[in-house]
1. Per residue and in cubic angstrom, what volume does the convex hull of the Cα atoms of the range 10-160 have?
2. Of the labelled options (i) 161; (ii) 125; (iii) 181, which one gives volume of the Cα convex hull per residue in Å³ as computed for this structure?
3. Give me the number: length gained by fully extending residue 146 to residue 35, i.e. 0.36 nm times residue separation minus the C-alpha to C-alpha distance, one decimal in nm.
4. With no solvent and one equal point scatterer per Cα, compute the Debye intensity ratio I(q)/I(0) for the range 165-245 at 0.16, 0.18, 0.20 Å⁻¹ and report its log10, rounded to two decimals.
5. Along the Cα→Cβ direction, 7 angstrom out, place labels at residue 231 and residue 96. What is the inter-label distance in nm?
6. What FRET efficiency would be calculated for the residue pair residue 168, residue 239, taking the C-beta separation as r and a Förster radius of 25 Å, to the nearest 0.05?
7. Could you give the nm distance between label points at residue 138 and residue 211, where each point is 7 Å from its Cα heading toward the beta carbon?
8. If I stretch the segment between residue 15 and residue 262 completely, what's the gain in nm (0.36 nm per residue apart, minus their alpha carbon distance), one decimal?
């Protein structure tokens with residue numbers, strides 16, 4: 001069973017979707033013409049807005065490192081045309097205010113409730129442990145944090161997220177799943193790769209097909225594996241000229257689908 005719960009759109013390009021903790025999703029939107037970035041946060045179960053179209057003083061050259069304990073950690077960029085991060089801005093998602101800001105450090109990770117950061121030097125880096133609520137330096141570290149600590153935190157953020165995999169005949173899947181995907185490919189004249197995700201007895205498939213205008217449409221199909229019945233078929237990108245990857249994902253049993261880059265639809269899978 002699949003049921004649409006809600007949709008989200010401000011008619012701006014949705015740039016990133018970020019885990020914001022228990023039952024929350026942070027949505028980063030960008031308007032490249034006006035060079036402005038907006039941040040929204042919703043409850044994944046209801047779609048209720050926790051944060052709406054929030055902007056920092058720097059309205060474009062900022063991004064999000066992570067969200068931890070209802071604190072969004074923003075960063076700036078060293079240069080507009082370079083992806084290298086700098087600065088830490090801690091914003092309280094509930095109180096809607098900046099808790100602290102530090103222009104000397106760059107965010108690295110969080111472990112056991114502390115923030116790990118580094119200071120860039122002419123040669124190398126210095127590493128520090130900070131209080132996440134005040135930005136106060138707890139201590140200077142003798143070396144960089146253990147890589148396992150960093151990876152453990154990154155994995156914990158995405159523990160309830162499930163992303164699509166690129167289909168291959170060599171994948172170890174049950175025969176019925178292979179048959180359904182092959183049938184979908186044959187019936188739809190698929191161009192390029194097929195992305196898929198299995199959730200309980202449901203198979204989610206996404207792929208591109210050519211249009212009469214010489215362009216591409218990207219489709220999402222949800223199939224009941226047991227019966228083989230299609231329970232959802234939706235064009236999620238129309239008349240595009242390039243392949244668009246990663247258009248859907250799951251948080252627990254909530255399916256999020258990005259449509260035309262500006263609309264986010266949420267379905268519940270049962």
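None of the figures in this text is laboratory data; all of them are computed from the coordinates on show. Being a predicted model, the structure only gives us computed values, none of them experimental. Reconstructed Cβ throughout: ideal geometry from the backbone, glycine too, with neighbour counts over all protein chains shown.
1. Numbers: hull volume 17.6 nm³, N = 151.
Looking at the range 10-160, the number lands at 116 Å³ per residue.
2. (i)
3. Details: separation 111, 0.36 × 111 = 39.96 nm, distance 3.72 nm.
Using 0.36 nm per residue and subtracting the Cα-Cα distance, I get 36.2 nm.
4. For the range 165-245, the Cα-only Debye profile gives -0.57, -0.71, -0.86.
5. If labels sit at residue 231 and residue 96, their model points lie 3.8 nm apart.
6. Details: r = 28 Å, r/R0 = 1.13.
For R0 = 25 Å, the calculated efficiency reads 0.30.
7. 5.3 nm
8. Details: separation 247, 0.36 × 247 = 88.92 nm, distance 0.89 nm.
Going from the current span to full extension adds 88.0 nm.
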